[in-house]
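Novice: Structure provided below as structure tokens; questions to follow.
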Amino acid sequence: MNETKRLIQQITEGIQDKKGKKIVVADLTKIDDTICNYFVICQGSSPSQVTAIVESVKDFTRKGADTRPFAIDGLRNAEWVAMDYSDILVHVFLPDAREFYNLEHLWADAKLTQIFDID
């Protein structure tokens, strides 16, 4: 498994550990002039859950892939938190913000992979 795939797996496990829902991995590698190669998009049901998901992703990527995010933005209101892992951007939304920004539709040319929720 290459480094990027391992990092995506660690990010996904971190999201699932805090019961993040509707996880989608968008593969942007076939699209020209993108800011990264992958988006990982998910949602939490409250600002505190969004924050917990972000902390969990940080822990899982540090322990499982020996990687830290270059930047995290959006924690102040925790409606949409973006985590920058260079080739991978993680987006953790509240449901209303996710619906409003609709990143999956914005990047409709990307190959989207749905990760099924673990209950």
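The values are calculated or read from the model by the stated rules, or taken from the named source; none is laboratory data. Owing to the predicted nature of the structure, the values given are computational and were not obtained by experimental measurement. Ideal geometry is used to build each Cβ from the backbone, glycine not excepted, and the neighbour counts take in all protein chains shown. Heads up: the accessible areas ignore ligands, DNA and RNA and are worked out on the full protein's heavy atoms, side chains in. Shrake-Rupley method; radii C 1.70, N 1.55, O 1.52, S 1.80 Å.
Novice: State yes or no: is residue 19 in a helix (DSSP H, G or I) and either surrounded by fewer than 19 Cβ atoms within 10 Å (Cβ to Cβ) or β-branched (Val, Ile, Thr) (or both)?
Specialist: no
Novice: Sticking with this structure for a sec: Just to verify a result, which residue in region 1-16, among those that are out of contact with any helix residue (DSSP H, G or I) (no Cβ under 6 Å at 6 or more places or on another chain) and outside any loop (DSSP other than H, G, I, E, B), is farthest from residue 41 (Cα to Cα)?
Specialist: 3
Novice: Given the criteria of a type in the set (Gly, Ala, Ser) and over 17 Å from residue 23 (Cβ atoms), does residue 78 qualify?
Specialist: yes
Novice: Which of the residues that make up region 63-82 are in contact with a Ser or Thr (Cβ under 8 Å, 6 or more places away or on another chain), part of a loop (DSSP other than H, G, I, E, B) and in contact (Cβ under 8 Å) with a residue 12 or more places away in the chain?
Specialist: 67, 69, 70, 75, 78
Novice: Only one of these conditions is not met by residue 106: (1) open to solvent by 30 Å² or more (accessible area, probe 1.4 Å); (2) touching an Asp or Glu at 6+ places or on another chain (Cβ under 6 Å). Which number is it?
Specialist: Every listed condition holds for residue 106 apart from (2).
Novice: With respect to residue 78, determine if the residue is surrounded by 20 or more Cβ atoms within 10 Å (Cβ to Cβ) and of a type in the set (Gly, Ala, Ser).
Specialist: It is true that residue 78 is surrounded by 20 or more Cβ atoms within 10 Å (Cβ to Cβ) and of a type in the set (Gly, Ala, Ser).
Novice: Filter region 21-47 for residues that are among the acidic types (Asp, Glu) and touching a Phe, Trp or Tyr at 6+ places or on another chain (Cβ under 9 Å) and give the result.
Specialist: Residue satisfying the conditions is 27 alone.
Novice: Answer yes or no as to whether residue 53 is closer than 30 Å to residue 109 by Cβ and either of a type in the set (D, E, K, R) or part of a loop (DSSP other than H, G, I, E, B) (or both).
Specialist: Taking the combined requirement at face value, the residue does not satisfy it.
Novice: Suppose we keep only residues that are open to solvent by less than 50 Å² (accessible area, probe 1.4 Å), out of contact with any Leu (no Cβ under 8 Å at 6 or more places or on another chain) and farther than 20 Å from residue 117 by Cβ within region 28-57. Which one would you say is modelled with the lowest pLDDT?
Specialist: Looking at the filtered set, the residue picked out is 31.
Novice: Taking interchain pairs and intrachain pairs at least six residues apart, which have beta carbon atoms under 7 angstrom, with the first residue in region 97-119 and touching a residue at least 24 places away in the same chain (Cβ under 8 Å) and the second surrounded by 11 or more Cβ atoms within 10 Å (Cβ to Cβ) and part of a loop (DSSP other than H, G, I, E, B)?
Specialist: Every condition considered, the pairs that remain are 107/28; 109/31; 110/28; 110/31.
Novice: Test of understanding: among 60, 100, which residue is open to solvent by 30 Å² or more (accessible area, probe 1.4 Å), in contact with an Asp or Glu (Cβ under 7 Å, 6 or more places away or on another chain) and part of a helix (DSSP H, G or I)?
Specialist: 60
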